[in-house]
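Below is one structure, written out as structure tokens; comments come after it.
The values are calculated or read from the model by the stated rules, or taken from the named source; none is laboratory data. These figures come from a predicted structure and were not determined experimentally. Ideal geometry is used to build each Cβ from the backbone, glycine not excepted, and the neighbour counts take in all protein chains shown. Just so you know, the surface numbers come from the protein's heavy atoms only, side chains and all, with ligands and any DNA or RNA stripped out. Shrake-Rupley method; radii C 1.70, N 1.55, O 1.52, S 1.80 Å.
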Amino acid sequence: MLDITHLPRVQTPYYIYDTALLARTLDAIKAETCTHDHWHVHYAVKANAHPDILRQIAAAGFGADCVSFGEVQAALDAGFPASEIVFAGVGKADWEIRKALKADIAMFNVESLEELEVIHEIATLLNTRARVSFRINPDVGAHTLAHITTGKAENKFGIAKEDMVRVVREAQQMARIDFTGLHFHIGSQLLEMDDFVALCTRINELQDELEAAGLHADNINVGGGLGIDYEAPDTHPVPDFKAYFQTFAAGLRLRAGQQLHFELGRSVVAQMGSLITRVLYVKHGTSKHFVIVDAGFTDLIRPAFYGAYHKVENLSAASRTASQEATEENIYDVVGPICESSDVFVTDYALPATRRGDLIALRSAGAYGEIMASRYNCRELPKGYLME
Ligand SMILES: *Cc1c(COP(=O)(O)O)cnc(C)c1O
């Protein structure tokens with residue numbers, strides 16, 4: 001349970017970030033990777049781009065994985081070195097490519113031949129060179145929500161693996177393009193290491209194919225996707241980075257001198273964040289009890305968007321229980337105030353008897369939470385605060 005005494009007295013809803021847990025998480029990643037000189041961990045900025053969080057991750061020595069120029073700029077502003085910034089995304093606009101070239105980022109992760117041609121054209125106009133890796137669609141399934149699997153053949157992401165050699169050859173014909181490697185990303189919230197084993201096997205096959213064609217990749221980028229325990233954030237505050245990194249150490253056959261890149265988002269920041277919201281009304285319907293809170297899907301969209309689960313805690317009831325007041329449990333739907341039926345956080349959920357004014361925490365909300373907030377219904381964007 002989140003400790004209510006560590007919360008700021010500010011207007012709800014808001015996000016609270018436990019920077020001590022973030023530091024522990026970053027240390028756990030470093031402990032697994034620091035002995036490998038040729039490994040690079042890039043934080044996927046799209047998971048959480050709060051400036052203080054970005055600065056802490058940059059200061060810990062990580063690189064950044066960006067999917068827009070806005071993210072590249074946020075990463076640069078937070079102190080990530082340009083030489084450790086990679087830029088992916090199926091639809092990079094010309095102005096984004098131009099600015100990223102001028103910023104001299106490490107490389108573009110290119111997702112189509114059409115994009116490669118545009119990058120080449122812009123690099124030529126700017127009289128510079130572009131370092132590119134190709135995002136190859138490995139066509140491996142991942143055990144996760146249908147909306148967040150990205151490495152199947154039918155997904156929009158990446159270049160078909162059958163086209164890899166042809167596209168690398170095309171790149172080598174382009175005067176202003178430096179082909180630097182292969183990039184993969186199979187999905188998110190993956191908890192079965194078998195998915196990453198399958199990715200390693202596929203990368204090994206593709207590397208053999210590349211080698212047979214007389215080609216060489218300096219960089220292999222395996223993307224991100226490691227999941228976290230949404231059910232038990234206090235039992236598993238730090239994800240199993242040992243299992244994750246060892247899967248790649250054991251499964252990948254890297255070539256001499258090859259650099260290995262990881263792009264972790266959710267697993268770095270999810271557990272350190274909670275959305276704090278206040279109960280507006282406890283409404284007794286004909287067959288259900290509703291806890292209506294002041295946060296909605298405009299503040300945390302994952303339940304409405306992906307059917308995702310966030311553990312709900314009544315922090316005020318917990319402190320009442322601590323003061324010996326008996327509390328029975330009730331079964332509630334916890335819902336937001338937005339004018340959409342999908343604005344529901346949990347249904348048929350057991351909570352201590354809940355009252356107007358109680359503070360509620362939605363746990364494990366540090367990733368894809370604040371950053372996905374919208375102003376629908378002309379609502380204020382939630383702010384993010386650091387825990388004392
Ligand atoms: C979203 C994304 C990541 C991070 O994924 P997580 O599941 O948050 O670790 C990494 N690489 C790319 C290309 C992405 O789009």
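Beta bridges assigned by DSSP with both partners in the chain are antiparallel in approximately 40 percent of cases. Determine the distance separating the Cα centre of segment 171-214 from the Cα centre of segment 95-136; give it in Å without decimals. Going from one Cα centre to the other spans 19 Å. Taking a sphere under 13 Å around the Cβ of residue 218 and counting the other residues whose Cβ falls inside, with K and R at +1 and D and E at -1, yields a net charge of +1.
Taking amide hydrogens as placed 1.01 Å from N in the peptide plane, the amide H of residue 141 sits under 5 Å from that of no residue at least 5 positions away in sequence or on another chain. Mean projection of the Cα convex hull over all viewing directions, computed for segment 309-388: 6.7 nm².
Both radii come from the Cα set of segment 226-287: Rg as radius of gyration, Rh as Kirkwood radius; their ratio Rg/Rh reads 1.27. Computed over the chain with a Gaussian network model linking Cα atoms closer than 10 Å, the most mobile of 255, 320, 202 is 320. Net charge dipole, the chain: roughly 680 debye, given to the nearest 20, about the Cα centre with Cβ charges of +1 for Lys and Arg and -1 for Asp and Glu.
Ligands, DNA and RNA are left out, and with a 1.4 angstrom probe the accessible area of the chain is 43 Å² per residue.
In this structure the amide hydrogen of residue 48, modeled in the peptide plane, comes within under 5 Å of the amide hydrogens of 368, none closer than 5 places in sequence on its chain. GNM on the chain, alpha-carbon springs under 10 angstrom: the most fluctuating residue among 275, 300, 206 is 206. The value of relative contact order for segment 178-302, using C-alpha pairs under 8 Å at least six residues apart, is 27 percent. Among 163, 240, 195, the largest mean-square fluctuation in a Gaussian network model of the chain, built with springs joining Cα atoms closer than 10 Å, belongs to 163.
Karplus-based coupling profile of segment 163-180, in residue order and whole Hz: 9, 3, 4, 4, 5, 5, 4, 4, 4, 5, 7, 8, 4, 9, 10, 10, 6, 10, with θ = phi - 60° in 6.51 cos²θ - 1.76 cosθ + 1.60 and x standing for Gly or Pro. Count charges around residue 75 for me, please; just the other residues with Cβ under 10 Å from its Cβ, Lys/Arg as +1, Asp/Glu as -1. Charge balance in the 10 Å sphere: -4. The order of 37, 178 by accessible area, most exposed first and with a 1.4 Å probe, is 37, 178. With all protein chains in place and a 1.4 Å probe, the accessible surface of the chain carries 51 percent carbon and sulfur.
Here the convex hull built on the C-alpha positions of segment 1-139 has a volume of 162 cubic angstrom per residue.
For residue 158, the amide hydrogen comes within under 5 Å of no other amide hydrogen, counting only partners 5 or more places away or on other chains and with H modelled in the peptide plane. Near residue 237: Cβ cut-off under 12 Å, other residues only, Lys/Arg at +1 and Asp/Glu at -1. The net charge is -2. Placing a pseudo-label 7 Å from each Cα along the Cα-to-Cβ vector at residue 83 and residue 278 gives an inter-label distance of 5.0 nm. Between residue 242 and residue 204, what FRET efficiency comes out of the Förster formula 1/(1 + (r/R0)^6) with R0 = 22 Å and r the beta carbon distance, rounded to 0.05? With R0 = 22 Å, the Cβ-Cβ based efficiency is 0.50. Over the chain, the hull volume per residue, using the convex hull of the C-alpha atoms, is 142 Å³. First measure r as the distance between the Cβ atoms of residue 320 and residue 73, then evaluate 1/(1 + (r/R0)^6) with R0 = 41 Å and state the FRET efficiency to the nearest 0.05. Computed FRET efficiency for residue 320 and residue 73: 0.35.
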